[in-house]
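> Submitted below is the structure of interest, expressed as structure tokens.
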Amino acid sequence: MKAMISDLIKKAQNIKEVDLVLKNGEIVDVFSLETYKRDVAIYNGYIVGIGSFEWSEKAIDVSNQYILPGLIDGHIHIESTMVRPSEFSRAIIKHGITTVVTDPHEIANVSGIEGIKFMINDAKNSVVDILMKLPSSVPATKFENNGATLTSNDLRELLEYDEVIGLAEVMDYPAVINHEQDMMEKIKMVKNKKLVIDGHAAGLSDDKLDIYSIASIRNDHEAVNAKEALTRVRKGFQVLVREGSAAKDLLAILPAITLKNSTRFSLCTDDKHLDEMVNEGTINHAIKIAVNNGLDPLIAIQMATINNAKCHGIENKGAVAPGYLADLLIVDNLIDLTIHKVIKSGKIVNFEGQPGKEQAEIPKTIMNSVKTPKITEEMLRIPLEEGQKANIIEILTGKLITLKRVDIVDIKEGVFQSNPEKDYLKMAVCERHRSTGDIGLGIVHGLKLKCGAIASTVAHDSHNIVVAGTNDQDMILAIEALHNTQGGLVIVENSRILAQVELPIAGLMSNQPYEVTVNKLLYMHEILETIVGHHSQNIFMILSFLCLPVIPELKLTDKGLFDVTLFKHISVGV
């Protein structure tokens, strides 16, 4: 490193010998929140000078264009895009995202350490820098079955990987509050490495946030409104403002962001499906939304660059300044961020990179993760007495949180009957890691299915099979289809498979080029229009989060209906 610094200093003293000069651009300064016109000199992947330099054959004229730092996503689960890291990189670089901080806890919940190592190895040769946080809570809770358990001893060896930069979202907050030994050891070993620990403070009270902070957990992406965001800022947290497929918190948090406190806010995605990501990007899309709703463009860019870098202890990224990595975007304006060029580590990116180059081999065990016994109609029955009220999961548009609705439902011969007109549908979560036969049953309101069934092996965070439908026959066929393909998404109607996306890598990701997978997703959305009454949400993303028992208020696991507020399972019947 000392030799590199000496070399960079020498080049800064002789700009004529550099690799590239960007001439006459308007530099976006994320430190002072201003723009100014200068040239940028690049050598060996770093910025070595900002000033006025002579023209040379290595200069590019960027007059009337802006030079800004490459965008950094502060928190994303690559598995939720449904493609492997190398394919994710090919898709996302076009939108100006040059670095992501990812938590591979989705694949870890299915395939453990082997899954994490696959993600690291497959990301090694990606054009985007994919930095990993080690999953802190596998399983996320004790209230569901998953495919692996990761202790502090399991994770310790992974701290030696250069790509690992911290401990990922601590979802098991009871383990922190009760200072359980293994969680304390995970926090201790990461702190000893001077790495960053991420939070997951969904619904936490003020006193529990204090405990999080005492434990050195000082960032969070679960604030859902301005009040929660400001509370976290005042307690010293970095607030990662989330804008994904299911959780869209940006507009609700926007009123909390001011010139005085803007450095305490960052942008992140969390979870986004591939078709949306390919179409609109991630962090770049969040910037556009923020700016179109009144946020200063320079603050929005600051939140997507230097704020994320500082939050995660990432050195030399996130700014157009000497000594920083030359991860840069050339854009027309700061409103719609139309990208002319992406420069990664000092080189202009070719967006037409071919799939399959230097991709990691997929372990066979990760490709064989769906193990379910035969499901029968009797196993899907929800017994209720005539006139008995039921606890119902109520979906809130654009939110991961749900409500607990109590209402009278249709009952025939002592069992619940789905009613598409009232939008009361049966839902099931079937354990798929060890063929235990465990099935959790519940009722959901807000999916708006008119007929048939939908099912998926993407079901956060334990990723059992989740299915919802208007009748048991279609639900069973959907489950069988996922078993046959070893994972994915499926739509069934009248005992016919209408559309399917195969995700054989841990039941979470495709093993094909992203272009193939996105075309299958787009076709699936066309089919959804015929069976969903009001297709304004990403229905598969919504379905996947109905299984997450760490986010209020009512969820479903393979062990049954779970009340997050009470932190225990409850019966469907009241």
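The values are calculated or read from the model by the stated rules, or taken from the named source; none is laboratory data. What you see is a predicted model; the values in this text were computed from it and never measured. Don't worry about glycine lacking a Cβ; one is built from the backbone with ideal geometry, like all the others, and counts go over all protein chains shown.
> If Val278 passes every condition in (1) under 25 Å from Glu79 (Cβ atoms); (2) surrounded by 24 or more Cβ atoms within 10 Å (Cβ to Cβ); (3) of a type in the set (Val, Ile, Thr) but one, which one does it miss?
(2)
> Scan the range 505-515 and tell me whether some residue there is over 22 Å from the mean Cα position of the chain (by Cα) and farther than 26 Å from Phe143 by Cβ.
no
> So His179 fits all but one of (1) surrounded by fewer than 16 Cβ atoms within 10 Å (Cβ to Cβ); (2) under 22 Å from Phe545 (Cα atoms); what number is the exception?
Only one criterion in (1) surrounded by fewer than 16 Cβ atoms within 10 Å (Cβ to Cβ); (2) under 22 Å from Phe545 (Cα atoms) is unmet by His179, namely (2).
> A further question follows. Within the range 520-541, is there a residue that is surrounded by 16 or more Cβ atoms within 10 Å (Cβ to Cβ) and under 25 Å from Gly112 (Cα atoms)?
Within the range 520-541 (the criterion being surrounded by 16 or more Cβ atoms within 10 Å (Cβ to Cβ) and under 25 Å from Gly112 (Cα atoms)), the answer is yes, since at least one residue qualifies.
> Give the range 334-383 a look and list any residue that's of a type in the set (Lys, Arg) and surrounded by 15 or more Cβ atoms within 10 Å (Cβ to Cβ), or say none.
Lys341, Lys344, Arg381 - these are the residues of the range 334-383 that are of a type in the set (Lys, Arg) and surrounded by 15 or more Cβ atoms within 10 Å (Cβ to Cβ).
> Restricting the first residue to the range 292-304 and requiring it to be assigned by TED's automatic domain parsing to the domain that holds His95, which pairs with a second residue that is at pLDDT below 95 meet a Cβ separation below 7 Å and a spacing of at least six or different chains?
Final answer for the pair search is Pro297/Ile335.
> Need pairs with beta-carbon distance below 9 Å; first residue in contact (Cβ under 8 Å) with a residue 40 or more places away in the chain and within 14 Å of Arg234 (Cβ to Cβ) and within the range 189-207, second surrounded by 21 or more Cβ atoms within 10 Å (Cβ to Cβ) and β-branched (Val, Ile, Thr); sequence gap 6+ or separate chains.
none
> Still on this structure, please answer the following. Of the residues that sit in the range 484-508 and are out of contact with any Ser or Thr (no Cβ under 6 Å at 6 or more places or on another chain) and in a loop (DSSP other than H, G, I, E, B), which one is farthest from Val110 (Cα to Cα)?
Looking at the filtered set, the residue picked out is Asn494.
> Please return the ranges of strands (runs of 3 or more DSSP E) entirely within the range 236-341 where 1 or more residues are within 18 Å of the chain's Cα centre (by Cα).
238-242, 265-268
> Among residues belonging to the range 146-185 that are charged (D, E, K, R) and within 21 Å of Ile76 (Cα to Cα), point out the one that is nearest to the chain's Cα centre (by Cα).
Among those that are charged (D, E, K, R) and within 21 Å of Ile76 (Cα to Cα), it is Glu169.
> Oh, and also: Only one residue in Ala91, Ala108 is surrounded by fewer than 24 Cβ atoms within 10 Å (Cβ to Cβ) and either assigned to a strand (DSSP E or B) or aliphatic (A, V, I, L, M) (or both), so which one is that?
Ala91
> Name the residues in the range 481-500 that are closer than 18 Å to Leu543 by Cβ, surrounded by fewer than 24 Cβ atoms within 10 Å (Cβ to Cβ) and not polar (S, T, N, Q), would you?
Across the range 481-500, the qualifying residues are Ala481, His483, Glu493, Ile497, Leu498, Ala499.
Yes/no matrix, rows are residues, columns are (1) aliphatic (A, V, I, L, M); (2) closer than 16 Å to Ile72 by Cα; (3) modelled with pLDDT of 95 or more; (4) in contact with a Ser or Thr (Cβ under 8 Å, 6 or more places away or on another chain):
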{"position": "Ala229", "(1), (2), (3), (4)": "yes, no, yes, no"}
{"position": "Val241", "(1), (2), (3), (4)": "yes, yes, yes, yes"}
{"position": "Leu259", "(1), (2), (3), (4)": "yes, no, yes, no"}
{"position": "Asn284", "(1), (2), (3), (4)": "no, yes, yes, no"}
{"position": "Lys288", "(1), (2), (3), (4)": "no, yes, yes, no"}
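> Which condition number in (1) buried (at least 22 other Cβ atoms within 10 Å of the Cβ); (2) touching a Lys or Arg at 6+ places or on another chain (Cβ under 6 Å) is the one that Met171 fails?
It is condition (2) that Met171 fails.
> Whether any residue in the range 166-178 is assigned by TED's automatic domain parsing to the domain that holds His221 and free of Cβ contacts under 8 Å to residues at least 12 places away in the same chain is what I want to check.
Yes, the range 166-178 contains at least one residue that is assigned by TED's automatic domain parsing to the domain that holds His221 and free of Cβ contacts under 8 Å to residues at least 12 places away in the same chain.
> Here are some conditions: (1) without any contact (Cβ under 8 Å) to a residue 40 or more places away in the chain; (2) touching a strand residue (DSSP E or B) at 6+ places or on another chain (Cβ under 7 Å); (3) not charged (D, E, K, R). Ser152 meets all but one. Which one does it not meet?
(2) is the only condition that Ser152 fails.
> Name the residue, out of Val83, Val62, Val100, Val127, that is in contact with a strand residue (DSSP E or B) (Cβ under 9 Å, 6 or more places away or on another chain), surrounded by fewer than 24 Cβ atoms within 10 Å (Cβ to Cβ), in the same structural domain as Lys188 (by TED's automatic domain parsing) and over 22 Å from Glu185 (Cα atoms).
Val127
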